[in-house]
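First up is the structure itself, then whatever we jot down about it.
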Amino acid sequence: MTVLRLVYAAVLDLRTDEAYYWTWSKENALSFLDHPPMIAWFIRFGTAIFGDTNLGARFAGILAMLATQLLLADIVRRVTHDFRAIVLALLLPEAALYYGLLMAKIAPDTAMTPFAVAMLWSLVRLTESRNGRWWLAAGLFGGLALLSKFTVIMLLPAVVAFMLVPAWRWRWLSSPYPYLAVVIAILVFSPVLIWNYQHDWASFRFQAVRATADHPFSLRTLGEFFALQLGLVGFVVLPVVLSGVTLTAWRGYRTREPVAILLSTAVIVPFCYFLWKSLTLRVGDTWPMFLWPAGFAATAINIALLPREGFPKWMIRSTISWARIAVISGMAFVVCVFVYYVATPFNFIGRTDPIGGEAGYRELVARVEDQLQKQGASWIATTDYRTYAMLRWFFNGRVPVVQLNERGRFQGFRDPGMDRIRDHTGIYVVRELDNQMPFLDAAGVVRQPLERVERVWRGMVMDSFSLEKLTGWTPELSPPPDSPLFRWRVLAMLIVPDATTCTFSPCGRRWQPKAAG
């Protein structure tokens, strides 16, 4: 299965978000608007070995999967000392598309997962040894997980319950180790704090507004959440894991057993939060990725403990049978998905295909390169960070690529090559659906239409782009924070754009253009 992931990582072109994170790896910023910097460091590690290739960009994710599996196996070994339970803990991630294949995808969640599991593993070691110094290891790994993605904070209730619910609560409340663990986590997380202090706390404000924004109730987003979890965790794996977590929670809180409390709460709290958010918001496909490994460990431990706790034989046999079916069917599904994307020419899902929806950029890049030569242009402009990322990935420093708007995404980035941009002709690449940018016309830019390019994947048009020639203008890449080009405030819905004047005003969370006149 590891070989399968390596082939998948090497063969499939990067998706748009993956290319976006790759651009981060080329910068020396302490942190970034969207996420902390760990994913950029992961990518830099892989590309240092394999170069700027698909495999190089994704290689650290392959290692993250192996590290996650080994940590899960050791957690189960220390709790059960049962070889079959250890094997199950190793195979359950392989049977889930999230991990069996998609750990080869570049995402902050991929970087966060092994550190989050390592934090749980440290607390299991604490339970086993009763040595308070394992709190320090938990603080280190917790800080590294937080340096990967902010959502790991949802594991905090599990850690608090682990410390306070069992009978040992007064021992740890009076011990310096848990508090030192917090200090270590904050120190590890300090690059993000320093960057945000320097940039008006942009990341925290951006993410906080996104998390608290009002959205209407929707059964569609709720259905999408369950469908995603069934597909990415497994149609059989998901109910098996949820039942294992439920029994683990019942056992843990009934007997106040620390590891059972830790593992079950690490699944239940984030899962319930995402379930609640899915009532009004589309939950991203990778967002719950960090919570299921704890569920895999809880499931394996639960199966090993059922016979020891006197459960009926029929229930034990049924549980083991369903676990076997989950592993076999899940791994078969992962292999089928691999074959579909790597070895077949078909498109069964259409324009909604998650891979095809972000593939087929090579033809666009070839046409842009042709127009650069024909028009004597020396730089490329976009107004969409995904298009920017893909163009920058394929051109890889040969031509400056800039996103004209949303400049808040690029705080702390190096000079993209202003000597080749200033007073030179550029090629503007824009999705046809997004080709309404009044600030370009307001700036007096001369725009000359060149051609239309379709992005095609397996015979189906997935998107279309317009190429234009830009002359008579030099973009402002370091605008003041109140500029219309500094768009993170708009993305976070702290201010709204005025459709008639292309200016911005502070107010609520909806775009309300002024009436004509």
Count - residues of region 203-229 that are under 14 Å from K277 (Cβ atoms), at pLDDT 85 or above and of a type in the set (S, T, Y): 2
Counted residues, region 326-362 - those being open to solvent by 80 Å² or more (accessible area, probe 1.4 Å), within 30 Å of L88 (Cα to Cα) and of a type in the set (A, V, I, L, M): 1
Exclusive hit being at pLDDT below 95 and open to solvent by 10 Å² or more (accessible area, probe 1.4 Å), set L63, L102: L102
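Yes/no per residue for (1) among the basic types (K, R); (2) within 18 Å of T53 (Cα to Cα); (3) touching a Cys at 6+ places or on another chain (Cβ under 7 Å); (4) modelled with pLDDT under 95:
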| site | (1), (2), (3), (4) |
| --- | --- |
| E358 | no, yes, no, yes |
| D370 | no, no, no, no |
| A377 | no, no, no, no |
| W393 | no, yes, no, no |
| V401 | no, no, no, no |
Sole exception among (1) assigned to a helix (DSSP H, G or I); (2) surrounded by fewer than 18 Cβ atoms within 10 Å (Cβ to Cβ) for D52, by number: (1)
Subset of region 335-372 (residues that are aromatic (F, W, Y) and touching a residue at least 40 places away in the same chain (Cβ under 8 Å)): F338, Y341, F346, Y361
Close pairs (8 angstrom Cβ cut-off, 6 or more residues apart or separate chains): farther than 17 Å from P216 by Cα and open to solvent by less than 60 Å² (accessible area, probe 1.4 Å) in region 267-280, modelled with pLDDT under 95 and of a type in the set (A, V, I, L, M) anywhere: none
Members of region 69-102 found to be aliphatic (A, V, I, L, M) and either touching a Gly at 6+ places or on another chain (Cβ under 9 Å) or free of Cβ contacts under 8 Å to residues at least 24 places away in the same chain (or both), listed by number: L70, A73, V87, L90, L91, L92, A95, A96, L97, L102
Qualifying residue in region 107-118 (condition: assigned to a helix (DSSP H, G or I) and either modelled with pLDDT under 95 or surrounded by fewer than 24 Cβ atoms within 10 Å (Cβ to Cβ) (or both)): yes
Qualifying residues in region 166-179 (those that are assigned to a helix (DSSP H, G or I) and open to solvent by less than 80 Å² (accessible area, probe 1.4 Å)) - the one farthest from L146 (Cα to Cα): R169
Single unsatisfied condition, P345 versus (1) modelled with pLDDT under 95; (2) assigned to a helix (DSSP H, G or I): (2)
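The values are calculated or read from the model by the stated rules, or taken from the named source; none is laboratory data. Only a predicted model underlies this, so the values are computations on that prediction, with no experimental measurement involved. All Cβ positions, even for glycine, are placed from backbone atoms using ideal geometry, and neighbour counts span all protein chains on display. Note: areas computed on protein heavy atoms with side chains; ligands, DNA, RNA excluded. Shrake-Rupley method; radii C 1.70, N 1.55, O 1.52, S 1.80 Å.
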